[in-house]
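Visitor: First, the structure itself, so that you have it in front of you.
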Amino acid sequence: MRASVLVALCPLLGSCTATLLYEPRILVSPYLAMNQVRGRVSAQSSPGGGAPVQNNTAQSMRTFGQDRHDDDVGVRADIGDGFGGLRFDYYRMDMFTSRAGILTDDWGALLQGDLVRMRVEMDEFRLGYVEPLLETKVTFREQPVSFQGAAGGVLAHRNMQLRAQTDDGVRRQSFEVDGDVIYAAVRGRASWQNIALDLDYAISPDFTLGGDFGSMQQDIEVRASYTLPMRDVTFFLGYRYSEFEAKGNGGDLGYDANLKLDGYQLGVTVSF
């Protein structure tokens, strides 16, 4: 797997130009993420007695109590000209709800009619590179407005744990969702004085390096930022929406997930 990742990164990093080589800037951005996980997940169940496993109706994440935003943390590091270049992003998600719901069908070892809840944990690593391709300027209130565009790619690794149980803890069912996905990515920025608006969009039409993730994956982030005058400090507020599908097994039972991650980000960027 490591060899496959390195091979995939070669064309991604091989396109690096003066964006990285000529006096690169380093920007570090810790942030608070207020996200929620939505979507549906189905899980097979085993009737026992040597009978084959049976497929069940997909359950909404809301059934497991996952219908609210929760606070988590992340950190981003950029190396480049302040717009294009290398980007590393790590996000740690740990969502546990006090709410419970009732299953409308079996879900692994959990049974129809069970009162259930779920804990969702995820470590997400993203490594990307975009090359600036265009820049143009217009004038607004006698001040220049800059528009920039870039394109490149992103390699994302996600390891997600879905840990469901009955409300009394008698029955439990867990699945691990793990895999690597390569995205084509574009970035745009509009800036005026000390204010900037950034848009990042990445899409993967079933381009994976192995693991459980597949089918169409996409991710979009929007960030509005303000840089303090005469200082290398920027405050930002953002929104992220991500879709990912996965299919795999936990022991002898299979699962099929169609998930969405969305929420808000609040953080600060320090430039070196």
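The values are calculated or read from the model by the stated rules, or taken from the named source; none is laboratory data. Just so we're clear, the structure is a prediction, and the values are computed from it rather than from any experiment. Every residue, glycine among them, receives a Cβ derived from its backbone with ideal geometry; neighbour counts consider all protein chains shown. These accessible areas exclude ligands, DNA and RNA; they are computed on the full protein's heavy atoms, side chains included. Shrake-Rupley method; radii C 1.70, N 1.55, O 1.52, S 1.80 Å.
Visitor: The conditions are (1) at pLDDT 95 or above; (2) closer than 25 Å to Gln161 by Cβ; (3) of a type outside the set (Phe, Trp, Tyr), and Leu86 fails exactly one of them. Which is it?
Guide: (2)
Visitor: When the residues of segment 60-78 are narrowed to those that are in a loop (DSSP other than H, G, I, E, B) and charged (D, E, K, R), which ends up farthest from Ala43 (Cα to Cα)?
Guide: Arg68
Visitor: Next question, about the same structure. When you go through (1) touching a Lys or Arg at 6+ places or on another chain (Cβ under 9 Å); (2) under 24 Å from Asp72 (Cβ atoms) one by one for Gly149, which number turns out not to apply?
Guide: (2)
Visitor: OK, next. Could you tell me how many of the residues in segment 87-134 are surrounded by 15 or more Cβ atoms within 10 Å (Cβ to Cβ), part of a strand (DSSP E or B) and more than 21 Å from the chain's Cα centre (by Cα)?
Guide: Residues that pass the stated criteria total 7.
Visitor: Restricting attention to segment 3-12, does a residue exist that is open to solvent by less than 10 Å² (accessible area, probe 1.4 Å), modelled with pLDDT under 95 and either of a type in the set (D, E, K, R) or out of contact with any Gly (no Cβ under 7 Å at 6 or more places or on another chain) (or both)?
Guide: no
Visitor: Of the residues Phe140, Phe236, Phe175, Phe147, only one is within 29 Å of Thr63 (Cβ to Cβ), of a type outside the set (Lys, Arg) and either touching a residue at least 40 places away in the same chain (Cβ under 8 Å) or in contact with a His (Cβ under 6 Å, 6 or more places away or on another chain) (or both); which?
Guide: Checking each option against the conditions leaves just Phe175.
Visitor: Now, a different point. Confirm whether Pro30 is over 30 Å from Val233 (Cα atoms) and surrounded by fewer than 21 Cβ atoms within 10 Å (Cβ to Cβ).
Guide: When the stated conditions are applied, Pro30 does not pass them.
Visitor: Find all pairs meeting these conditions: Cβ atoms under 9 angstrom apart; at least six residues apart or on different chains; first residue within segment 157-168 and within 11 Å of Trp107 (Cβ to Cβ) and in contact (Cβ under 8 Å) with a residue 12 or more places away in the chain; second residue assigned to a strand (DSSP E or B) and of a type in the set (Phe, Trp, Tyr).
Guide: Leu162/Phe175; Leu162/Tyr255; Ala164/Trp107; Ala164/Phe175
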